Amino acid sequence: MSKVSIIEVKTAGQLKQFVKFPMDLYKNNPYYVPSFIKDEMKIWDANENPAFHYSESKQFLALKDNKVVGRIAVIINHKEEKELDIKKVRFGWIDFIDDTEVSKALIQIAIDYAKEHNINKIEGPMGFTNLDKAGMLTMGFDKLATMIGIYNHAYYPKHLENLGLIKEKEWVEYEMNFPKVLPEKVEKFSGLIAQKYKLSVLKFKSKEEILPYVEPMFKLLDETYKHLSTYTPISDEQIKTYKEKYFPFIDKNYVICVVDENQQLVSFAITMPSYSKALQKSKGKLFPFGWWHFLQAGKKNDRANFYLIGIHPEYQRRGVTAIIFKEIFVRFTSMGIKFAETNPELEENKSVQLLWQDYNPVNHKRRRTYSMDVNK
(Lines give C-alpha, C1' and ligand atoms only; values in the text may rest on other atoms or scores of the structure.)
Protein backbone atom coordinates (compact mmCIF):
# COMPACT_ATOMS: atom_id res chain seq x y z
CA MET A 1 0.00 0.00 0.00
CA SER A 2 1.28 3.46 -0.91
CA LYS A 3 2.62 5.63 1.88
CA VAL A 4 1.41 9.14 2.62
CA SER A 5 3.93 11.86 1.85
CA ILE A 6 3.69 15.41 3.16
CA ILE A 7 4.91 18.52 1.36
CA GLU A 8 4.87 22.11 2.53
CA VAL A 9 3.16 24.53 0.16
CA LYS A 10 5.92 26.69 -1.33
CA THR A 11 4.88 27.54 -4.90
CA ALA A 12 1.88 29.21 -6.52
CA GLY A 13 1.03 25.93 -8.18
CA GLN A 14 1.04 24.06 -4.89
CA LEU A 15 -1.11 26.79 -3.31
CA LYS A 16 -3.64 26.39 -6.09
CA GLN A 17 -3.70 22.65 -5.42
CA PHE A 18 -4.23 23.43 -1.73
CA VAL A 19 -7.15 25.77 -2.50
CA LYS A 20 -8.83 23.54 -5.08
CA PHE A 21 -8.52 20.20 -3.27
CA PRO A 22 -11.92 20.37 -1.50
CA MET A 23 -13.60 21.27 -4.79
CA ASP A 24 -12.33 18.00 -6.19
CA LEU A 25 -13.12 16.05 -3.01
CA TYR A 26 -16.74 17.27 -2.97
CA LYS A 27 -17.22 17.47 -6.72
CA ASN A 28 -20.50 15.54 -6.76
CA ASN A 29 -21.70 16.46 -3.27
CA PRO A 30 -25.01 18.40 -3.38
CA TYR A 31 -24.43 20.11 0.00
CA TYR A 32 -20.89 21.44 -0.36
CA VAL A 33 -20.54 25.13 -1.25
CA PRO A 34 -17.17 26.23 -2.70
CA SER A 35 -15.40 29.47 -1.90
CA PHE A 36 -14.10 31.78 -4.59
CA ILE A 37 -10.68 30.53 -5.66
CA LYS A 38 -9.37 34.09 -5.97
CA ASP A 39 -10.42 34.96 -2.39
CA GLU A 40 -8.92 31.75 -1.00
CA MET A 41 -5.61 32.49 -2.72
CA LYS A 42 -5.53 35.96 -1.12
CA ILE A 43 -5.86 34.47 2.37
CA TRP A 44 -2.29 33.17 2.10
CA ASP A 45 -0.84 36.41 0.72
CA ALA A 46 0.69 38.49 3.52
CA ASN A 47 0.11 41.62 1.42
CA GLU A 48 -3.62 40.87 1.24
CA ASN A 49 -4.37 39.33 4.65
CA PRO A 50 -3.76 41.70 7.60
CA ALA A 51 -3.84 38.75 10.02
CA PHE A 52 -0.24 38.07 8.96
CA HIS A 53 0.74 41.26 10.82
CA TYR A 54 0.39 39.29 14.04
CA SER A 55 0.23 35.66 12.90
CA GLU A 56 2.41 33.06 11.26
CA SER A 57 1.25 30.12 9.20
CA LYS A 58 2.26 27.21 7.02
CA GLN A 59 0.22 25.10 4.64
CA PHE A 60 0.75 21.45 3.75
CA LEU A 61 -0.48 18.88 1.25
CA ALA A 62 -0.77 15.14 1.77
CA LEU A 63 -0.07 12.99 -1.29
CA LYS A 64 -0.48 9.36 -2.24
CA ASP A 65 0.76 8.10 -5.58
CA ASN A 66 1.53 11.74 -6.48
CA LYS A 67 -2.14 12.64 -6.00
CA VAL A 68 -3.35 15.18 -3.44
CA VAL A 69 -5.40 13.35 -0.79
CA GLY A 70 -5.45 15.90 2.03
CA ARG A 71 -4.49 19.37 3.20
CA ILE A 72 -4.00 21.35 6.42
CA ALA A 73 -2.88 24.80 7.53
CA VAL A 74 -1.27 25.56 10.88
CA ILE A 75 -1.46 29.01 12.44
CA ILE A 76 -0.14 30.82 15.51
CA ASN A 77 -2.04 34.00 16.36
CA HIS A 78 0.37 36.05 18.49
CA LYS A 79 -2.31 38.67 19.18
CA GLU A 80 -4.43 36.00 20.84
CA GLU A 81 -1.45 34.98 22.96
CA LYS A 82 -0.63 38.57 23.94
CA GLU A 83 -4.16 39.85 24.65
CA LEU A 84 -5.88 36.72 25.97
CA ASP A 85 -2.89 34.74 27.24
CA ILE A 86 -4.02 31.84 25.05
CA LYS A 87 -1.13 29.90 23.56
CA LYS A 88 -2.06 27.30 20.97
CA VAL A 89 -1.55 26.20 17.40
CA ARG A 90 -4.68 26.66 15.36
CA PHE A 91 -5.19 24.19 12.54
CA GLY A 92 -7.64 24.76 9.71
CA TRP A 93 -8.39 24.20 6.06
CA ILE A 94 -8.23 20.53 6.94
CA ASP A 95 -9.66 18.13 4.37
CA PHE A 96 -8.85 14.52 3.65
CA ILE A 97 -10.08 11.37 1.97
CA ASP A 98 -11.51 8.60 4.16
CA ASP A 99 -8.11 7.16 4.99
CA THR A 100 -6.85 7.12 8.59
CA GLU A 101 -3.23 7.24 7.48
CA VAL A 102 -3.92 10.55 5.76
CA SER A 103 -5.76 12.19 8.66
CA LYS A 104 -3.12 10.93 11.10
CA ALA A 105 -0.32 12.43 8.99
CA LEU A 106 -2.13 15.78 8.81
CA ILE A 107 -2.77 16.03 12.55
CA GLN A 108 0.84 15.04 13.19
CA ILE A 109 1.86 18.18 11.29
CA ALA A 110 -0.07 20.33 13.78
CA ILE A 111 1.45 18.40 16.71
CA ASP A 112 4.99 18.79 15.37
CA TYR A 113 4.44 22.49 14.66
CA ALA A 114 3.25 23.02 18.24
CA LYS A 115 6.25 21.20 19.72
CA GLU A 116 8.60 23.12 17.46
CA HIS A 117 7.24 26.37 18.96
CA ASN A 118 7.06 25.08 22.55
CA ILE A 119 3.27 25.16 22.51
CA ASN A 120 1.28 22.52 24.35
CA LYS A 121 -2.08 22.69 22.61
CA ILE A 122 -3.56 22.37 19.12
CA GLU A 123 -7.14 23.28 18.20
CA GLY A 124 -9.18 23.32 15.01
CA PRO A 125 -10.55 23.62 12.51
CA MET A 126 -10.36 27.39 12.76
CA GLY A 127 -8.86 30.30 10.89
CA PHE A 128 -6.70 33.25 11.83
CA THR A 129 -9.44 35.23 13.63
CA ASN A 130 -12.93 35.10 15.09
CA LEU A 131 -14.47 36.11 11.78
CA ASP A 132 -12.93 33.25 9.82
CA LYS A 133 -14.73 29.97 9.27
CA ALA A 134 -14.48 27.61 12.24
CA GLY A 135 -15.89 24.37 13.52
CA MET A 136 -16.05 20.90 11.99
CA LEU A 137 -19.58 19.86 11.07
CA THR A 138 -20.88 17.12 13.39
CA MET A 139 -24.58 17.31 12.48
CA GLY A 140 -26.33 18.48 9.33
CA PHE A 141 -24.31 16.66 6.69
CA ASP A 142 -27.46 16.52 4.54
CA LYS A 143 -28.06 20.28 4.74
CA LEU A 144 -26.88 22.82 2.19
CA ALA A 145 -23.84 24.70 3.48
CA THR A 146 -23.76 28.48 3.72
CA MET A 147 -21.17 30.90 2.34
CA ILE A 148 -19.52 31.27 5.76
CA GLY A 149 -19.83 27.72 7.08
CA ILE A 150 -17.40 24.82 6.77
CA TYR A 151 -18.79 21.69 5.15
CA ASN A 152 -17.23 18.28 5.68
CA HIS A 153 -17.96 14.58 5.34
CA ALA A 154 -19.41 12.67 8.31
CA TYR A 155 -16.18 10.67 8.66
CA TYR A 156 -14.10 13.76 9.55
CA PRO A 157 -15.01 14.03 13.27
CA LYS A 158 -14.71 10.25 13.68
CA HIS A 159 -11.13 10.39 12.40
CA LEU A 160 -10.16 13.19 14.79
CA GLU A 161 -11.78 11.49 17.78
CA ASN A 162 -10.01 8.22 16.95
CA LEU A 163 -6.74 10.16 16.92
CA GLY A 164 -7.35 11.32 20.47
CA LEU A 165 -8.65 14.84 19.88
CA ILE A 166 -11.50 15.97 22.12
CA LYS A 167 -14.31 18.52 21.89
CA GLU A 168 -13.18 22.07 22.67
CA LYS A 169 -15.99 24.40 21.57
CA GLU A 170 -19.42 23.76 20.09
CA TRP A 171 -21.48 25.90 17.72
CA VAL A 172 -25.16 25.56 16.89
CA GLU A 173 -27.08 26.77 13.85
CA TYR A 174 -30.81 27.22 13.42
CA GLU A 175 -33.25 27.18 10.54
CA MET A 176 -36.70 28.72 10.71
CA ASN A 177 -39.74 29.15 8.52
CA PHE A 178 -40.37 32.85 8.39
CA PRO A 179 -43.88 33.62 9.73
CA LYS A 180 -46.61 34.93 7.45
CA VAL A 181 -47.87 37.11 10.28
CA LEU A 182 -45.66 39.07 12.67
CA PRO A 183 -46.15 37.84 16.27
CA GLU A 184 -48.38 40.32 18.09
CA LYS A 185 -45.96 40.81 20.97
CA VAL A 186 -43.13 41.71 18.56
CA GLU A 187 -45.39 44.24 16.80
CA LYS A 188 -46.44 45.85 20.06
CA PHE A 189 -43.09 45.66 21.84
CA SER A 190 -41.07 47.14 18.98
CA GLY A 191 -43.09 50.36 19.06
CA LEU A 192 -42.88 50.68 22.84
CA ILE A 193 -39.10 50.15 22.90
CA ALA A 194 -38.49 52.59 20.03
CA GLN A 195 -40.51 55.24 21.82
CA LYS A 196 -39.03 54.61 25.27
CA TYR A 197 -35.38 54.82 24.17
CA LYS A 198 -35.91 57.22 21.24
CA LEU A 199 -34.62 54.73 18.68
CA SER A 200 -35.19 54.61 14.94
CA VAL A 201 -34.32 52.44 11.95
CA LEU A 202 -32.11 53.97 9.26
CA LYS A 203 -33.47 53.93 5.73
CA PHE A 204 -30.71 53.58 3.16
CA LYS A 205 -31.44 54.88 -0.33
CA SER A 206 -28.31 53.31 -1.78
CA LYS A 207 -25.66 50.79 -0.77
CA GLU A 208 -23.07 53.55 -0.60
CA GLU A 209 -24.98 55.16 2.27
CA ILE A 210 -24.11 52.10 4.38
CA LEU A 211 -20.34 52.71 4.13
CA PRO A 212 -20.06 55.26 7.00
CA TYR A 213 -21.62 52.68 9.31
CA VAL A 214 -19.33 49.75 8.44
CA GLU A 215 -16.62 50.64 10.95
CA PRO A 216 -19.15 51.41 13.74
CA MET A 217 -20.72 47.99 13.05
CA PHE A 218 -17.42 46.19 13.65
CA LYS A 219 -16.75 48.26 16.76
CA LEU A 220 -20.21 47.30 17.99
CA LEU A 221 -19.35 43.65 17.33
CA ASP A 222 -16.40 44.06 19.70
CA GLU A 223 -18.72 45.47 22.35
CA THR A 224 -21.29 42.72 21.81
CA TYR A 225 -18.97 39.73 22.01
CA LYS A 226 -16.02 40.88 24.13
CA HIS A 227 -17.39 38.94 27.12
CA LEU A 228 -16.84 35.63 25.31
CA SER A 229 -13.68 33.90 26.49
CA THR A 230 -12.25 33.41 22.99
CA TYR A 231 -12.99 36.80 21.46
CA THR A 232 -10.17 39.05 20.24
CA PRO A 233 -10.81 42.63 19.05
CA ILE A 234 -11.03 43.26 15.31
CA SER A 235 -8.19 45.39 13.95
CA ASP A 236 -8.67 48.31 11.57
CA GLU A 237 -6.83 46.34 8.88
CA GLN A 238 -9.23 43.43 9.29
CA ILE A 239 -12.22 45.76 9.01
CA LYS A 240 -10.86 47.06 5.71
CA THR A 241 -10.28 43.52 4.41
CA TYR A 242 -13.71 42.20 5.37
CA LYS A 243 -15.36 45.30 3.93
CA GLU A 244 -13.62 44.74 0.60
CA LYS A 245 -14.42 41.02 0.63
CA TYR A 246 -18.09 41.08 1.58
CA PHE A 247 -19.42 44.55 0.71
CA PRO A 248 -19.99 43.62 -2.96
CA PHE A 249 -22.53 41.03 -1.78
CA ILE A 250 -24.39 43.39 0.52
CA ASP A 251 -27.91 44.48 -0.44
CA LYS A 252 -29.14 47.63 1.31
CA ASN A 253 -32.51 45.96 1.92
CA TYR A 254 -30.84 43.25 4.00
CA VAL A 255 -28.98 45.61 6.35
CA ILE A 256 -30.83 46.87 9.45
CA CYS A 257 -29.29 49.66 11.54
CA VAL A 258 -30.91 51.04 14.69
CA VAL A 259 -29.69 54.42 16.00
CA ASP A 260 -30.43 56.55 19.04
CA GLU A 261 -31.59 60.17 19.04
CA ASN A 262 -28.01 61.29 18.39
CA GLN A 263 -27.73 59.01 15.35
CA GLN A 264 -25.30 56.73 17.18
CA LEU A 265 -25.48 53.06 16.19
CA VAL A 266 -26.90 50.90 19.00
CA SER A 267 -27.78 47.75 17.09
CA PHE A 268 -27.51 46.22 13.63
CA ALA A 269 -28.21 43.03 11.72
CA ILE A 270 -26.68 41.98 8.42
CA THR A 271 -28.55 39.37 6.46
CA MET A 272 -28.09 38.26 2.88
CA PRO A 273 -30.03 36.28 0.34
CA SER A 274 -28.64 32.76 0.29
CA TYR A 275 -25.80 32.61 -2.22
CA SER A 276 -25.09 28.91 -1.66
CA LYS A 277 -26.60 27.66 -4.93
CA ALA A 278 -25.04 30.55 -6.83
CA LEU A 279 -21.63 29.59 -5.46
CA GLN A 280 -22.20 25.97 -6.46
CA LYS A 281 -23.06 27.03 -10.00
CA SER A 282 -20.10 29.42 -10.22
CA LYS A 283 -17.66 26.62 -9.24
CA GLY A 284 -15.38 29.03 -7.42
CA LYS A 285 -15.18 31.68 -10.15
CA LEU A 286 -17.01 34.98 -10.45
CA PHE A 287 -16.17 35.19 -14.16
CA PRO A 288 -17.19 34.56 -16.84
CA PHE A 289 -20.66 33.47 -15.63
CA GLY A 290 -20.50 33.37 -11.81
CA TRP A 291 -21.66 37.00 -11.51
CA TRP A 292 -24.90 36.10 -13.34
CA HIS A 293 -25.79 33.42 -10.80
CA PHE A 294 -25.16 35.87 -7.97
CA LEU A 295 -27.29 38.52 -9.63
CA GLN A 296 -30.15 36.07 -9.97
CA ALA A 297 -29.79 34.89 -6.36
CA GLY A 298 -30.09 38.49 -5.22
CA LYS A 299 -33.23 39.08 -7.25
CA LYS A 300 -35.09 35.79 -6.85
CA ASN A 301 -34.62 33.95 -3.58
CA ASP A 302 -36.86 32.50 -0.88
CA ARG A 303 -34.02 31.91 1.58
CA ALA A 304 -31.90 34.32 3.62
CA ASN A 305 -28.94 33.93 5.95
CA PHE A 306 -28.22 35.88 9.12
CA TYR A 307 -24.54 36.79 9.12
CA LEU A 308 -23.79 39.36 11.80
CA ILE A 309 -25.81 40.89 14.59
CA GLY A 310 -24.58 43.37 17.17
CA ILE A 311 -26.26 45.07 20.13
CA HIS A 312 -24.55 47.59 22.39
CA PRO A 313 -24.28 46.21 25.97
CA GLU A 314 -26.31 49.16 27.30
CA TYR A 315 -29.26 48.05 25.14
CA GLN A 316 -29.01 44.30 25.58
CA ARG A 317 -31.99 42.72 27.36
CA ARG A 318 -34.04 45.85 26.66
CA GLY A 319 -36.04 44.49 23.76
CA VAL A 320 -34.15 46.25 20.96
CA THR A 321 -34.21 43.04 18.93
CA ALA A 322 -37.98 43.48 18.57
CA ILE A 323 -37.30 46.57 16.45
CA ILE A 324 -34.82 44.65 14.30
CA PHE A 325 -37.14 41.70 13.78
CA LYS A 326 -40.12 43.83 12.92
CA GLU A 327 -38.05 45.56 10.26
CA ILE A 328 -36.68 42.25 8.97
CA PHE A 329 -40.20 40.85 8.81
CA VAL A 330 -41.44 43.77 6.74
CA ARG A 331 -38.52 43.56 4.33
CA PHE A 332 -38.40 39.76 4.04
CA THR A 333 -42.13 39.61 3.41
CA SER A 334 -41.88 42.15 0.60
CA MET A 335 -38.99 40.18 -0.96
CA GLY A 336 -40.65 36.76 -0.72
CA ILE A 337 -38.25 35.30 1.86
CA LYS A 338 -39.79 32.19 3.43
CA PHE A 339 -36.81 30.56 5.15
CA ALA A 340 -33.99 31.96 7.26
CA GLU A 341 -30.83 30.38 8.63
CA THR A 342 -28.57 31.67 11.39
CA ASN A 343 -24.81 31.75 11.30
CA PRO A 344 -22.88 29.47 13.70
CA GLU A 345 -23.32 30.60 17.32
CA LEU A 346 -21.26 29.37 20.25
CA GLU A 347 -23.34 26.96 22.29
CA GLU A 348 -22.59 29.03 25.41
CA ASN A 349 -23.91 32.23 23.79
CA LYS A 350 -27.48 31.85 25.03
CA SER A 351 -28.27 35.57 24.68
CA VAL A 352 -27.94 35.38 20.89
CA GLN A 353 -29.89 32.14 20.67
CA LEU A 354 -32.79 33.76 22.52
CA LEU A 355 -33.18 36.15 19.59
CA TRP A 356 -34.83 33.43 17.52
CA GLN A 357 -37.18 32.05 20.18
CA ASP A 358 -40.35 33.57 18.68
CA TYR A 359 -39.77 31.96 15.28
CA ASN A 360 -39.80 28.24 16.20
CA PRO A 361 -36.12 27.68 15.35
CA VAL A 362 -34.91 24.17 14.53
CA ASN A 363 -31.35 23.27 15.43
CA HIS A 364 -30.35 21.68 12.10
CA LYS A 365 -26.55 21.90 12.27
CA ARG A 366 -23.84 21.53 14.87
CA ARG A 367 -20.11 21.96 14.60
CA ARG A 368 -17.16 21.91 16.95
CA THR A 369 -13.47 22.48 17.24
CA TYR A 370 -11.26 19.68 18.50
CA SER A 371 -8.19 20.05 20.66
CA MET A 372 -5.29 18.03 22.00
CA ASP A 373 -2.59 18.45 24.62
CA VAL A 374 0.44 17.48 22.56
CA ASN A 375 2.50 16.61 25.64
CA LYS A 376 0.20 13.83 26.85
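Annotations
- Annotation: extensible slack from Glu215 through Lys299 equals 27.5 nm (criterion: 0.36 nm per residue apart, minus Cα-Cα distance).
- Taking label positions 7 Å along the Cα-Cβ direction at both Lys240 and Asp98, the computed distance is 4.7 nm, reported to one decimal.
- Size of electric dipole in the stretch 203-345: Cβ of Lys, Arg +1 and of Asp, Glu -1, about Cα centre, debye, nearest 20: 820
- Shape call, the stretch 63-175: gyration tensor on alpha carbons, a/c limit 1.5: oblate
- Share of Cα-Cα pairs in the stretch 184-292 lying beyond 24 Å, as whole percent: 41
- Couplings 3J(HN,Hα) of the stretch 147-163, computed from phi: 5, 10, x, 6, 10, 8, 5, 5, 6, 3, x, 5, 4, 5, 5, 5, 8 Hz, in residue order, whole Hz [Karplus 6.51 cos²θ - 1.76 cosθ + 1.60, θ = phi - 60°; x for Gly and Pro].
- Options Pro125, Ala62, Ile76, ranked by Cα towards positive dipole end of the stretch 1-141, top entry (Cβ charges): Ala62
- A cut-off of 5 Å between modelled amide H atoms, ignoring neighbours fewer than 5 places along the same chain, links Thr138 with Arg366, Arg367, Arg368.
- Share antiparallel - DSSP beta bridges, the chain, percent rounded to 5: 90
- Solvent accessible area, Å² - Met217, 1.4 Å probe, full protein context: 10
- When the pairs Lys58/Lys277; Lys143/Lys350; Lys143/Lys283; Lys38/Lys58; Lys133/Lys226 are compared against a 21 Å limit on Cα-Cα distance, Lys58/Lys277; Lys143/Lys350 fall above it.
- Solvent-accessible surface (1.4 angstrom probe) belonging to Glu101, in square angstrom, nearest 10: 90
- Positive end of the dipole of the chain (Cβ unit charges, origin at the Cα centre): among His312, Ile234, Val201, the Cα lying farthest that way belongs to Val201.
- Portion, in percent, of the accessible area of the chain that falls on carbon or sulfur, probe 1.4 Å: 51
- Average accessible area per residue (Å²) across the stretch 287-376 - probe 1.4 Å, nucleic acids and ligands excluded: 50
- 3J(HN,Hα) along the stretch 235-244: 7, 4, 5, 5, 4, 4, 5, 5, 5, 5 Hz, from the Karplus curve 6.51 cos²θ - 1.76 cosθ + 1.60 with θ = phi - 60°, whole Hz, x for Gly and Pro.
- Semi-axes of the equivalent ellipsoid for the stretch 48-119, Cα gyration tensor, largest first, Å: 26, 13, 9
- Net charge of neighbours whose Cβ lies under 13 Å from the Cβ of Leu220, counting Lys and Arg as +1 and Asp and Glu as -1: -3
- For the stretch 81-89, Karplus couplings with θ = phi - 60° (6.51, -1.76, 1.60), whole Hz, Gly/Pro x: 5, 6, 8, 10, 6, 10, 10, 7, 9
- Value of [θ]222 nm, deg cm²/dmol, for the chain, DSSP H segments ≥ 4, -39500 (n - 2.57) each, nearest 500: -10500 deg cm²/dmol
- Overall shape: oblate for the stretch 264-376, with the ratio a/c of the largest to smallest alpha carbon gyration tensor axis at 1.5 or above and b/c at least equal to a/b.
- Three-way shape call for the stretch 197-251 based on the alpha-carbon gyration tensor, with the a/c threshold at 1.5: oblate
- Net charge contributed by nearby residues that have their C-beta within less than 11 Å of Phe189 (K/R +1, D/E -1): +2
- Accessible area per residue in Å² at 1.4 Å probe, computed on the stretch 116-169: 41
The values are calculated or read from the model by the stated rules, or taken from the named source; none is laboratory data. Note that the structure is a prediction, hence the values are computed from the model and not measured. Quick reminder, even Gly has a Cβ in these numbers, built from the backbone with ideal geometry, and neighbours come from all protein chains shown. The accessibility values were calculated without ligands, DNA or RNA, using every heavy atom of the protein model including side chains. Shrake-Rupley method; radii C 1.70, N 1.55, O 1.52, S 1.80 Å.
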